[in-house]
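Okay, structure first, notes after.
The values are calculated or read from the model by the stated rules, or taken from the named source; none is laboratory data. Because the structure is a prediction, the values reported are computed rather than measured. Here Cβ is always computed from backbone atoms with ideal geometry, including for glycine, and neighbour counts include all displayed protein chains. Side chains are part of the model used for accessible areas, which takes the heavy atoms of the whole protein and leaves out ligands, DNA and RNA. Shrake-Rupley method; radii C 1.70, N 1.55, O 1.52, S 1.80 Å.
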Amino acid sequence: MTTEDPFRSRTIGEIAATLPGATAAFRKFKLDFCCGGDAILAEAVRKRGLDITAVEEALAALDPSDSAPAPEATGALIDHILSHYHEIHRRELPELIRLARKVEAVHAGHPEAPRGLANTLDALQAELEEHMHNEETKLFPLMRQQDGAPTQLPVTQMRHDHDRHGELLRHMETVANGFVLPEGACRSWQALYAGTGKLVDDVMQDIHLENNVLFPRFEHLESG
């Protein structure tokens, strides 16, 4: 970090897209780098009542070599999103929904039971499946054409979908108490929170790569 280019004057999305490891730091401070990526860091920090110096020091301390960057070429980046996120979302969500229903039923009388988590996961699965299908069958094939792409791409709608996904992720964290386990939580409860916490991280990283890295390459085509 230099005085000529301080983190605080840049958008969260730009920092996340250019500084490997920044997304983990933003998650630590609960700063929205995916759906809220257009926010200037200083303003986002102020709204959350955080110490801007602490956030900047955490970012400055990152070692870029600790995190492998996503592929740069558009086709390779799309392949990365499909294999690291779309396929994994589809594989992990059904088991998380099953676990959530089990925990909610078995521990219905527990004051910290994650009531509503299963339904929220179910809603996320339905929305993600439709969204990913649209990307895989419509948007991504057009993006792979590069110079031959038509003049209209549904990037804005994809961003709207991401905003809704972000709302569901925040609701999951709320009903699950930030995925902090109560004392004596059973193995199923432990597995549920570990898996759902990972899912939140994965979906946020997926949204970040699309919103802040992939989509900006094509948004000039939307107006035709």
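Report, to the nearest whole %, how much of the accessible area of the chain belongs to carbon and sulfur atoms, 1.4 Å probe, protein only. Don't skip to the answer; put the middle values down first.
Values: 5880 of 11320 Å².
Exposed carbon and sulfur together represent 52 percent of the surface.
Which of the listed residues, N177, L93, I81, is farthest toward the dipole's positive end in the chain, when Lys, Arg count +1 and Asp, Glu count -1 at the beta-carbon?
Positive-end residue among those listed: N177.
Please label the shape of region 39-117 as rounded, prolate or oblate, based on the square roots a ≥ b ≥ c of the eigenvalues of the alpha-carbon gyration tensor (a/c under 1.5 means rounded; beyond that, a/b larger than b/c means prolate, else oblate). Numbers along the way, then the final one.
On the way: a/c = 2.97, a/b = 1.28, b/c = 2.31.
It is oblate, given that a/c is not under 1.5 and a/b is not larger than b/c.
Quick one: what do you get for the chain if you divide its Cα Rg by 2.2 N^0.38 Å?
On the way: Rg = 18.7 Å, N = 224, 2.2 N^0.38 = 17.2 Å.
Compared with the compact-globule rule of thumb, the chain sits at 1.09.
Can you figure out the FRET efficiency of H160 with I40, using R₀ = 25 Å and their beta-carbon distance, to the nearest 0.05?
Details: r = 22 Å, r/R0 = 0.88.
It comes out at approximately 0.70.
Take the chain, connect every pair of alpha-carbon atoms lying under 10 Å apart with a spring to form a Gaussian network, then pick out the residue of T174, T120, T11 with the largest mean-square fluctuation.
T174
Can you give the extra length, in nm with one decimal, that the chain gains between E167 and A76 once fully stretched, where that is 0.36 nm per residue apart less the Cα-Cα distance? Mind showing how you got there, number by number?
On the way: separation 91, 0.36 × 91 = 32.76 nm, distance 2.88 nm.
Gain in length upon complete extension: 29.9 nm.
Quick one: compute the contact order of the chain, relative version, from alpha carbon pairs under 8 angstrom and 6+ residues apart, as a percent.
In percent, rounded to a whole number, it is 27.
What is the calculated FRET efficiency for V175 to H133, with r their C-beta to C-beta distance and R₀ = 35 Å, to the nearest 0.05?
Numbers: r = 27 Å, r/R0 = 0.77.
With a Förster radius of 35 Å, E is 0.85.
Let me spell out the model: positive unit charges on the Cβ of Lys and Arg, negative unit charges on the Cβ of Asp and Glu, origin at the Cα centre of region 86-224. What dipole size does that give, in debye rounded to 20?
I would put it at about 360 debye.
What length, rounded to one decimal in nm, is gained on full extension from A194 through to R115, with 0.36 nm per residue of separation minus their alpha-carbon distance?
Roughly 26.8 nm would be gained on extension.
Going toward the positive end of the dipole of the chain, with +1 on Lys and Arg Cβ and -1 on Asp and Glu Cβ, which of M204, Q125, L19 do you reach last?
Positive-most Cα among the choices belongs to Q125.
Charges only on Cβ, +1 for Lys and Arg, -1 for Asp and Glu: so what's the dipole of region 79-124 about the Cα centre, in debye to the nearest 20? Write out the running numbers ahead of the final one.
Working: 6 positive and 7 negative charges, 40 e Å.
For region 79-124, the charge dipole is close to 200 debye.
Hey, what's the chain come to in accessible area per residue, 1.4 Å probe, Å²? Could the numbers behind the result be given before it?
Working: 11320 Å² over 224 residues.
I get 51 Å² per residue for the chain.
Cα-based count: Lys pairs in the chain below 21 Å, eight or more positions apart or different chains?
The result is 5.
Given bins 5 angstrom wide, list per bin the percent of all Cα-Cα distances in region 100-209, short to long.
2, 11, 20, 19, 14, 11, 8, 6, 4, 3, 1, 0
Taking loop as defined by DSSP and a crowding limit of 16 other beta carbons within 10 Å, which GluC sites (Glu not before Pro) in region 80-159 fit? Can you show the working numbers first?
Numbers: sites: E87, E92, E95, E104, E112, E127, E129, E130, E135, E136; in loops: E112.
Passing sites in region 80-159 are E112.
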